[in-house]
1. Given the range 2-278, what percent of its DSSP beta bridges are antiparallel, to the nearest 5?
2. For 166, 217, which order do you get if you count the other beta carbons within 10 Å of each Cβ and list the fewest first?
3. I'd like the distance between the alpha-carbon centres of the range 121-172 and the range 1-76, rounded to an integer number of Å.
4. Given a cut-off of under 8 Å on Cα pairs at least six residues apart, what relative contact order in percent is computed for the chain?
5. Sort 53, 241, 10, 85 so that the residue with the fewest other Cβ atoms within 10 Å of its own Cβ comes first and the one with the most comes last.
6. Let me check against my output: what whole-number percent is the relative contact order of the range 116-184, with C-alpha pairs under 8 Å and at least 6 apart?
7. Rounded to whole Å and sorted largest first, list the principal axis extents of the Cα atoms in the range 2-278.
8. Rounded, prolate or oblate, given the Cα gyration tensor of the range 103-243, with a/c below 1.5 counting as rounded?
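Only the coordinates and a few stated rules stand behind these numbers; no lab work does. Keep in mind that what you see is a predicted model, and the values were worked out from it rather than measured. Heads up, the Cβs are rebuilt from the backbone with ideal geometry, glycines too, and the neighbour counts pull from every protein chain shown.
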Amino acid sequence: MALEHEFARHYEVQTISRPDLDLLGSPREIHRVLDGLDFDLLLLPAGITDVDHCERRPDEAWKANAGAPAHIAAWCARRGIRMIHFGTDYVFEGVKSTPYNEEDATSPISLYGKCKLAGERAVIQASPANLVVRLSWLFGPGKAGATPDWAVQLAMEQDFLKIASDRISMPTYTIDVARGLFPLLFDPKATGWLHMANSSSCSWLEWAKFSIDAAVDAGLTVRTRMVNSTTMAEVFLNRAHRPKYTVFATDKYEALTGMKLPCWQDAVKRYVKETVVPRYADNGLRAAV
């Protein structure tokens, strides 16, 4: 949604919806859809992002997150079309205490991370012109299940929340990603892997608490602002493993563009004020009183 909205201001954008192109389809089916289109650059943000669903349905995960990117990249390579694919911080084990750069060894601990890594590699191997942009902790329009959204929702419904404080990364706003991609779209130097995120890092607990505070500052009445600390082991008991630490080094992005994305706090404030709080006002709840 963010990519389409931002890029349509400057380019002719063709969107391919899920009913039109099934990532679980055969290579022939995927190629048939692409054969009917005419474009100079292909961006692939789609995939199965539900980490636990990937563990339960590994065949679907491998087809959508590894097979489909490979088939699409092969089609683009045969036609000399550049492809930008979106990867994930889940390709890392999460045991470092310093930011991960693009050269760090990958070692995913979930099936989601493993199949996403396979998809990344297939895209890079298909053409030296391709780019894989790794992102972390995405939120923004069209991603209503992200932390700012559900944290505010729970704050309106419950007396207190428990959020893991031992999970650390970089919240990343889809609007800022889209805007930050403009100088890279057709840059021949922007190839291989690239880490991209809003500036600074935080714990999951800090992110959730800040989102609730931002909603209150924007005029929303919540039931509680009390957020207690817990651990990933407690939150994700009997569920897929998640990496604890996936902070990115974004030096390559900054060197290529001369830019740095805004800090995550600024991004969360903008998103909560512009998207999350109005959602409750539209439903007749107390906001901007």
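1. On the way: 2 of 24 bridges.
Percent antiparallel among DSSP bridges in the range 2-278 is about 10.
2. On the way: 166 16, 217 12.
Ranked by crowding around the Cβ, least crowded first: 217, 166.
3. About 19 Å separates the Cα centre of the range 121-172 from the one of the range 1-76.
4. Numbers: 519 pairs, mean separation 60.1, N = 289.
Once divided by the residue count of the chain, the mean separation gives 21 percent.
5. Working: 53 15, 241 18, 10 9, 85 25.
Ranked by crowding around the Cβ, least crowded first: 10, 53, 241, 85.
6. On the way: 36 pairs, mean separation 23.1, N = 69.
The normalised contact order for the range 116-184 reaches 33 percent.
7. Largest to smallest, the principal-axis extents are 56, 41, 37 Å.
8. Oblate, since a/c reaches 1.5 and b/c is not below a/b.
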